[in-house]
Each structure stands twice: as C-alpha cells, then as structure tokens.
Amino acid sequence: MNIDDMKVGDIKKLIAMFGGNAQPQNDILKNAIGKYCIVRTRNEGINFGKVVEADDTGVVIVEARRIYYHKPKDSKLSWYEGVAETGLHQDSKISGEVSRKYIIEDFSLTVCSNEAIASIKAFPANAS
C-alpha cells in the first residue's frame, strides 16, 4: 500500500488497528453542542450561532449570523476571541439571522460569554 494513495477510511483503519481512536475530535466537539459560539472558517468567514451538530465534516448552527467586520466591545481585547468575551463594538457589521446554517469545511469554535451572546443577538443587521 502506498501511503500517498491512502484515503481517510484507510487511515481510520490503521489508527483503530493500533488501538487509537479514529475520530478523537468528535468527543471534543460534543461538548460544544447547545452552546453559542463564534465559528471561524477559512472560506465561510466568521459566524455566530448555537451549535446543534458538529463533527470532523463540519458544524451546524441555528440562530446564525455572519460577522462581516468585527471589533470587540472592549477595545483592550482583539480579534473574534474578544467578540466572544465582550460582544460587538458599534463599528462592527453583521448579517441578519438565519434559522439554520451548515458549514462544511474546517472550523474552529470559540464559546461565547453570556455578555457576548446578548450583544451579538441584539446587534442590528447591516443593510448594505
């Protein structure tokens, strides 16, 4: 067997053969179910929503809003992690809410604080 020709299923079989877990990320992702998170991806950008499903193929969020431009409410913090802690500054731009969004690509999740959840949910949608 040529390692360059291996498929994901082949790799999972090898991992299982040596006593490993072929999907260790799934156990971690189960902890995010039911939590409001910032979802960061390579192509889909930055989104906010409540995680209802997540595995190594993607994530499904409800009450989803895309964050086009973001600044944390607390200017001492930065990036989307600052938004996840304190919410959105008035200069941010965010979409309206969609009921369900499937993001099928690599992603990271940052759990939001209650303060951030309230801020993001109440933030007015950018019309342009």
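Could you list all residues from the range 69-114 that are farther than 17 Å from residue 34 by Cα and in a helix (DSSP H, G or I)? Listed by number, the residues that qualify are 79, 80, 81, 82, 83, 85, 86. Of the residues in the range 65-87, none is closer than 30 Å to residue 12 by Cα and either assigned by TED's automatic domain parsing to the domain that holds residue 12 or free of Cβ contacts under 8 Å to residues at least 60 places away in the same chain (or both).
Does residue 49 meet the test of being crowded, with 19+ Cβ neighbours inside 10 Å and part of a strand (DSSP E or B)? In short, yes.
The values are calculated or read from the model by the stated rules, or taken from the named source; none is laboratory data. Keep in mind it's a predicted model, so treat the numbers as computed, not measured. Every residue, glycine as well, gets a Cβ built from its backbone with ideal geometry; the counts of neighbours run over all protein chains shown.
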